[in-house]
Amino acid sequence: VKKRLVKLVVNFLFYFRTDEAEPIGALLLEHCRITKEEENVFSISFVEEPERKYCFECDSEEQCQEWIEALKRASYEFMRRSLIFYRNEIQKMTGKDPLEQYGISEEARFQLGTRKQ
């Protein structure tokens with residue numbers, strides 16, 4: 001077991017030695033699985049390497065749960081689904097696409113999720 005400090009920045013989890021300011025590595029939190037292992041321990045594994053796990057021990061079960069929730073919300077795919085959902089909800093309420101004012105058309109990357117039948 002090695003003691004590391006970690007910092008979550010958008011969808012990257014940087015890890016540091018306790019006595020250094022520069023990170024020694026980072027995990028891109030895409031296509032990964034966050035799993036609670038024990039009371040204060042969670043792991044991160046990736047679809048491409050399911051046999052390799054990165055385990056993290058927290059000071060408390062509450063802190064562990066907070067990390068798990070934050071990490072699950074950190075992926076690009078989660079943010080993309082959230083944007084689509086809220087964009088669709090705002091459009092239903094107002095009748096206007098909230099991203100139109102920013103020059104992002106309906107044909108843009110973040111589709112509204114409507115299907116042609």
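Can you name the residue in region 61-97 that is surrounded by fewer than 12 Cβ atoms within 10 Å (Cβ to Cβ) and within 11 Å of the chain's Cα centre (by Cα) and, of all such residues, is farthest from residue 35 (Cα to Cα)?
Looking at the filtered set, the residue picked out is 77.
With respect to residue 95, is the statement that it is over 16 Å from residue 7 (Cα atoms), at pLDDT 85 or above, of a type in the set (Gly, Ala, Ser) and not assigned by the TED database to the domain that holds residue 17 true? Give the derivation first.
Working: over 16 Å from residue 7 (Cα atoms): yes; at pLDDT 85 or above: yes; of a type in the set (Gly, Ala, Ser): yes; not assigned by the TED database to the domain that holds residue 17: yes.
Yes, satisfied.
Restricting attention to region 49-69, which residues are among the hydroxyl-bearing types (Ser, Thr, Tyr) and under 15 Å from residue 14 (Cα atoms)? I'd like the intermediate steps shown before the answer.
The first filter runs over region 49-69 and keeps only residues among the hydroxyl-bearing types (Ser, Thr, Tyr), leaving 54, 60.
Within region 49-69, just 54 meets the criteria.
Looking at region 71-98, which of its residues are in contact with a helix residue (DSSP H, G or I) (Cβ under 8 Å, 6 or more places away or on another chain) and polar (S, T, N, Q)?
None; the set is empty.
When residues of region 16-54 are filtered for being of a type in the set (Asp, Glu), farther than 15 Å from residue 70 by Cα and open to solvent by less than 70 Å² (accessible area, probe 1.4 Å), how many remain? Walk me through how you get there before you give the answer.
Filtering region 16-54 for residues of a type in the set (Asp, Glu) gives 19-20, 22, 30, 37-39, 48-49, 51.
Among the residues that remain, those that are also farther than 15 Å from residue 70 by Cα are: 19-20, 22, 37-39, 48-49, 51.
Still in the running and open to solvent by less than 70 Å² (accessible area, probe 1.4 Å): none.
The total comes to 0.
The values are calculated or read from the model by the stated rules, or taken from the named source; none is laboratory data. This structure is a prediction, so every number in the text was calculated from the model and none was measured. All Cβ positions, even for glycine, are placed from backbone atoms using ideal geometry, and neighbour counts span all protein chains on display. Protein only, heavy atoms only, side chains kept; ligands, DNA and RNA dropped before computing areas. Shrake-Rupley method; radii C 1.70, N 1.55, O 1.52, S 1.80 Å.
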